[in-house]
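Shown next, in structure tokens, is the structure this report addresses.
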Amino acid sequence: MKEVNPEIIKYITDEIVPLYNNFDPAHKESHVISVLNAALEMTRHYDVDKDMIAVAAAFHDLGLSEDRAEHHLISGRIIRETENLQKWFTPEQIETIAQAAEDHRASSDHEPRSIYGRIIAEADRQIIPENVILRTIQFSLAHYPQLDKEGHWNRTVEHLHEKYAEGGYLKLWIPESANADKLKRLREIIRDEEKLRGIFEKLFETLR
């Protein structure tokens, strides 16, 4: 299977990745690079175009520049409106890339429409237990500065249960990924409130 076009890698590295420095702490450059690497790793198991995967991963959160609630849809629009992509992709490919970005959100009310969307959604899950908890606290601090420590604790617990606990809205799409085992470990932590509180305390202090 071919590697990603070096021109596309340069474009992503020089023009797209730096845009993430304008976003909240949970969506900085390290996040998009991690999603990009995870998505490309998953292409080993599927007959997909790596160039398309790379661009979908790189663009998937750019909509945060306008609105968080609709950022996935805005990311799709940005992809469709980015003229540079026309150098490398057909209109049909660009539409598939845009849909993959639109479908990545864990709280989406529909399944990803293609294998491209499934790969980007799975890569975006990033289920490393302490990182998930850290990102949850970072988001709370950035968007709810009026809360005291207990308020951030309560919001962290609420979010983790809503999204990651048994019955939560997060879904996994790629069986070859390592997310299933990591989600199992995260759920064990969520069920053990004393352990979860200990992790919260340690991480919270590093962010204050």
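The values are calculated or read from the model by the stated rules, or taken from the named source; none is laboratory data. Predicted model, so just to flag it, every value in this text is computed and none were measured. Ideal geometry is used to build each Cβ from the backbone, glycine not excepted, and the neighbour counts take in all protein chains shown. Heads up: the accessible areas ignore ligands, DNA and RNA and are worked out on the full protein's heavy atoms, side chains in. Shrake-Rupley method; radii C 1.70, N 1.55, O 1.52, S 1.80 Å.
Brief remarks on what is shown
- Scope the range 89-129; condition β-branched (Val, Ile, Thr), closer than 23 Å to Asp49 by Cα and in contact (Cβ under 8 Å) with a residue 40 or more places away in the chain; matching residues: Thr96, Ile97, Ile115, Ile119, Ile120
- Residue within the range 179-202 that is farther than 13 Å from Asn131 by Cβ, assigned to a loop (DSSP other than H, G, I, E, B), of a type outside the set (A, V, I, L, M, F, W, C) and touching a His at 6+ places or on another chain (Cβ under 6 Å) present: no
- In the set (1) open to solvent by 40 Å² or more (accessible area, probe 1.4 Å); (2) closer than 30 Å to Glu95 by Cβ, the condition left unmet by Glu158 is number (2).
- Across the range 104-121, the qualifying residues are those that are at pLDDT below 95 and charged (D, E, K, R), and the one among them that is least open to solvent (accessible area, probe 1.4 Å) is Arg105.
- Scanning the range 2-35 for residues that are of a type in the set (A, V, I, L, M) and either in contact with a Ser or Thr (Cβ under 7 Å, 6 or more places away or on another chain) or closer than 16 Å to Ser75 by Cα (or both) gives Ile12, Ile16, Val17, Leu19, Val32, Val35.
- Taken together, the criteria place Val132 among residues that are open to solvent by less than 10 Å² (accessible area, probe 1.4 Å), under 19 Å from Asp24 (Cα atoms), of a type in the set (A, V, I, L, M, F, W, C) and touching a residue at least 24 places away in the same chain (Cβ under 8 Å).
- Residues that are in contact with a Phe, Trp or Tyr (Cβ under 8 Å, 6 or more places away or on another chain) and either open to solvent by 20 Å² or more (accessible area, probe 1.4 Å) or assigned to a helix (DSSP H, G or I) (or both), drawn from the range 26-48: Ala26, His27, Lys28, Glu29, His31, Val32
- Scanning the range 104-146 for residues that are over 20 Å from Ala178 (Cα atoms) and touching a Ser or Thr at 6+ places or on another chain (Cβ under 8 Å) gives Ser114, Thr136, Ile137, Ser140.
- Among the candidates Ala69, Ala100, Ala142, residue that is of a type outside the set (Asp, Glu) and either at positive phi or open to solvent by less than 30 Å² (accessible area, probe 1.4 Å) (or both): Ala100
- Which listed residue is over 19 Å from the mean Cα position of the chain (by Cα), at pLDDT below 95 and open to solvent by 10 Å² or more (accessible area, probe 1.4 Å), from Glu3, Glu95: Glu3
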